[in-house]
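Read the structure below first, then the notes.
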Amino acid sequence: MAQGNLLLQRHGTRRPIRVHEGSVIAPASNLRWSSDGLEIPCWNGGVVRLAFAIDTHDREIIAWQASTGGISGEMVRDMMLAFVEQRFGSLRVPHPVQWLAHNGSAYTARETLDFATASTSFLALPRSAARKATGSARPS
């Protein structure tokens, strides 16, 4: 990218250093999963929205959903179920799993929270509570 002069110009000021005293990585697989989303702008002016779920120990993306519209609660629930089926080969987790996600409407919808707690035994935490549990300094 540097040869093609495609790199962004560096920011002129230094960022303040934040002390990170917690542990974000889980001590073993299938204890803490995290989900987030991003947008990819296209040359035709459209946007592809992507949501993904990752195991914080393995750092492996297990499930993802993409759309040219928005990411819905149904898509998040499908992603949760796909993650559970991929990891455990069943529709339920054998033990509680911490699911960390941002506070977007698809993640905080009543149906999504009910699905996470009843159907799959996730311990769903909003990001503010997740930062306290993991020591992560990432802002909301």
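General observations
- Scanning region 26-65 for residues that are over 15 Å from residue 83 (Cα atoms) and of a type in the set (A, V, I, L, M) yields 26, 28, 38, 40, 47, 48, 50.
- Those helices (runs of 4 or more DSSP H) of region 46-140 in which at least 2 residues are modelled with pLDDT of 85 or more, considering only elements entirely within it, cover 73-88, 105-108, 110-114.
The values are calculated or read from the model by the stated rules, or taken from the named source; none is laboratory data. Please read all numbers here as calculations on a predicted model, not as lab measurements.
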